[in-house]
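Below: one structure, written as structure tokens.
The values are calculated or read from the model by the stated rules, or taken from the named source; none is laboratory data. This is a predicted model, so every value here is computed, not measured. Cβ placement follows ideal geometry from the backbone for every residue including glycine, while neighbour counts extend to all protein chains displayed.
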Amino acid sequence: MPKILNIPPSIFLAPFVRTYTLLKFNTYQKELCWPCYSGPEMCLLFFLEEHPKGLPINGNDSSDNKSKRALLKGLFTRFSGSWKFKGEYSIFRIQFTPNGFHSLFGLPLKEFTNKIVDAQTVFGKEITLHCEQLQQTQNIFKMAALTDEYLKKYVTQKKATASKKGVDLVSNAILRSNCSVPIEQYAAMAKMSLRNFERKFRKQVGTSPKTFCRLLRFNRAIQLKLMSPEKCWTSIALDCDYYDQMHMIKDFKKFAGASPTKLFENSSRPALRIENVKRRI
């Protein structure tokens, strides 16, 4: 059974990084397929063993994607096909907070929306060296410590202060509120006009506040089904604040390319075992 280990970053990096994740599994020569459905946050992916097929890497002029061990995956607002897995996999992921990537690196997230790019084109050879360090250890605690050190050099006092106001403050408030507050109130919280708030939100988070809320709700429905396979879709729709099941189906077709039932019927990904790990002091 595939195992997912989640571990938090250091407190110093908490405003920018939501979690580090290590996913390990073996398909035992059977090809598995899982749709790359839309997600609300930016992440860095490190493929430490085998490399999946079907990755639509933007700006890639080579058919040899196996050389691309570190990939930057932007926020996705549409279905982008399926990834195919065959072999033994060890995948380390840095999942940023909604505004965390922009706050750390000063890059506009809208430039990465609906794209997967070779991380070396953004960070240079240093990211490849970090990937090699990760490959040399299978310990989640060591991986987290190495990644903390790699990211800390990008943090300044100015950035840490900025993370407590404006779009960053509001985007994290949206995560906590499950999008139950009107967008106008979020703009007021950020002390901006609605138009200015929407413009800055799109630049720093990667999409509009409304679409971001839809993505959060859609991903919440996915996670509920993964954690409770016996739960019916009607109950999940209500738990995730959809108007009705048809409202949820509309979002699934846009973000996952299929209805909820077909998405899980067509997927060959086995059940996951998820474990949240505490940092060692």
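Filtered by the rule that a residue be touching a residue at least 60 places away in the same chain (Cβ under 8 Å) and either under 30 Å from LEU107 (Cβ atoms) or among the aromatic types (Phe, Trp, Tyr) (or both), the range 221-256 gives ILE222, LYS254, PHE255, ALA256. The residue of the range 1-45 that is surrounded by the fewest Cβ atoms within 10 Å (Cβ to Cβ), among those that are touching a helix residue (DSSP H, G or I) at 6+ places or on another chain (Cβ under 7 Å) and over 25 Å from THR113 (Cα atoms), is PHE12.
Of everything in the range 106-126 that is part of a loop (DSSP other than H, G, I, E, B) and in contact (Cβ under 8 Å) with a residue 40 or more places away in the chain, the residue that is farthest from LYS73 (Cα to Cα) is PRO108. Within the range 55-73, is even one residue at pLDDT 90 or above, out of contact with any strand residue (DSSP E or B) (no Cβ under 9 Å at 6 or more places or on another chain), surrounded by fewer than 20 Cβ atoms within 10 Å (Cβ to Cβ) and part of a loop (DSSP other than H, G, I, E, B)? No, the conditions are met nowhere in the range 55-73. Under 9 Å by Cβ, and 6 or more places apart or on different chains, what pairs join a residue from the range 24-44 that is on the phi > 0 side of the Ramachandran plot and in contact (Cβ under 8 Å) with a residue 40 or more places away in the chain with one that is in a loop (DSSP other than H, G, I, E, B) and surrounded by fewer than 19 Cβ atoms within 10 Å (Cβ to Cβ)? Note: pairs meeting the criteria are GLN29/LYS86; GLN29/GLY87.
Residue count for the range 206-216 satisfying the condition of being among the charged types (D, E, K, R) and within 14 Å of the chain's Cα centre (by Cα): 0.
Residues of the range 202-241 that are more than 18 Å from ILE183 (Cβ to Cβ), hydroxyl-bearing (Ser, Thr, Tyr) and at pLDDT 90 or above: THR234, SER235.
Out of all the residues in the range 254-270, which are assigned to a loop (DSSP other than H, G, I, E, B), under 19 Å from CYS232 (Cα atoms) and at pLDDT 80 or above? Matches in the range 254-270: ALA258, SER259.
Restricted to the range 221-248, and to residues there that are crowded, with 18+ Cβ neighbours inside 10 Å and β-branched (Val, Ile, Thr), the residue that is nearest to the chain's Cα centre (by Cα) is ILE222.
Applying the criterion of being buried (at least 20 other Cβ atoms within 10 Å of the Cβ) and not hydroxyl-bearing (Ser, Thr, Tyr) to the residues of the range 96-111, the residue that is nearest to the chain's Cα centre (by Cα) is PHE96.
Residues in the range 164-220 that are touching a residue at least 60 places away in the same chain (Cβ under 8 Å), charged (D, E, K, R) and either surrounded by 15 or more Cβ atoms within 10 Å (Cβ to Cβ) or assigned to a helix (DSSP H, G or I) (or both): ASP168, ARG202, LYS203.
Against the test of being of a type in the set (A, V, I, L, M, F, W, C) and touching a Pro at 6+ places or on another chain (Cβ under 9 Å), the options LEU146, LEU134, LEU151, LEU129 yield a single qualifying residue, LEU151. Among the candidates ILE116, ILE140, the residue that is crowded, with 20+ Cβ neighbours inside 10 Å and either of a type in the set (Val, Ile, Thr) or farther than 25 Å from SER10 by Cβ (or both) is uniquely ILE116.
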